[in-house]
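Bear in mind these aren't lab numbers, they're just calculated from the coordinates by the rules spelled out. Quick caveat, the model's predicted, so the values are computed rather than measured. Cβ: placed from backbone, ideal geometry, glycine included. Neighbour counts: every protein chain shown.
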Amino acid sequence: MRTLFYYPLHAYSRIVRVMLAEEQLDFELQYELPWNLSEQLQSYNNQGILPVLRDINGTTIAGITTIIEYLDEAYPEQDLIGRSIMQRVEARRLSYWFVNNFYHEVYYPIMNEKIVKRFKSKTVSAPNPDIIRNALYKIPNYLSKIIYLLERRSWLAGRDFSIADICVASFISVFDYLSVLKWSNYDDILLTWYIRIKSRRSFRSLLADNVPTIPPSKNYSKLDY
């Protein structure tokens, strides 16, 4: 069976989960803690990163950008990166903007302070409010650019749903789970777009996530707010 090694609140893991579901590929989930990876996973991936995909042919792929490109090449039927060359360029540009910039500037600092530091060691370290505040301060800049695109396009990279929508929505879904975002601070078009993605079959398993000791926000699984 195809296996995805993942952590529920890991945005990269969510991207691959949605991609696999959009491709209509059967897979099972292997729960991992990013700060305490299993020996099995480490035997497949000496980089010590999530997610890791082990395909049915025995191929093991680690790292989000590598997995995205692998699934696009190995299972091209859905064209999640895009049909035209310009949409593929735009889908990659937006995806990697979030996978790289948003991850390091916003997502990682918040998750490290709120989640990782809480569970990584027996000695609980209090979150650093300055780090969290600095990361939160940067969110509007990213989302204002997403709103700008949504005002002009059906989907982020153009007329078709793509990996760009999957990537951005996966990050947003983690923050939605943790009640990080205040939707009232943003144009309704952003929430409308996010609800459209939440309504897709591929997103259904994510909305059922309930991480032990970290319950989801009250609106996380709802399709209206």
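General remarks:
- For the chain, the 222 nm mean residue ellipticity estimated from helices alone, with every DSSP H stretch of n ≥ 4 adding -39500 (n - 2.57) and the total spread over all residues, rounds to -13000 deg cm²/dmol.
- Ignoring lysines fewer than eight residues from Lys145 along the same chain, the ones with Cα atoms less than 28 angstrom from its Cα are Lys114, Lys182, Lys198, Lys218, Lys222.
- Reach of Lys117 by Cα under 23 Å, taken over lysines that are not fewer than 8 positions away in the same chain: Lys138
- What you get for the chain, charging only the Cβ of Lys and Arg (+1) and of Asp and Glu (-1), is a dipole of about 660 debye around the Cα centre.
- Size of electric dipole in segment 3-78: Cβ of Lys, Arg +1 and of Asp, Glu -1, about Cα centre, debye, nearest 20: 320
- Applying a length cut-off of 27 Å (Cα extent along the axis) and a mean Kyte-Doolittle floor of 0.0 to the DSSP H helices of the chain leaves 129-150.
- Mean Cβ count within 10 Å, highest first, over the residues of peptides 31-39, 189-197, 13-21, 125-133: 13-21, 189-197, 31-39, 125-133
- Among the listed values (1) 49, 46, 28; (2) 70, 41, 24; (3) 56, 49, 31, the one computed from these coordinates for Cα extents along the principal axes in Å is (1).
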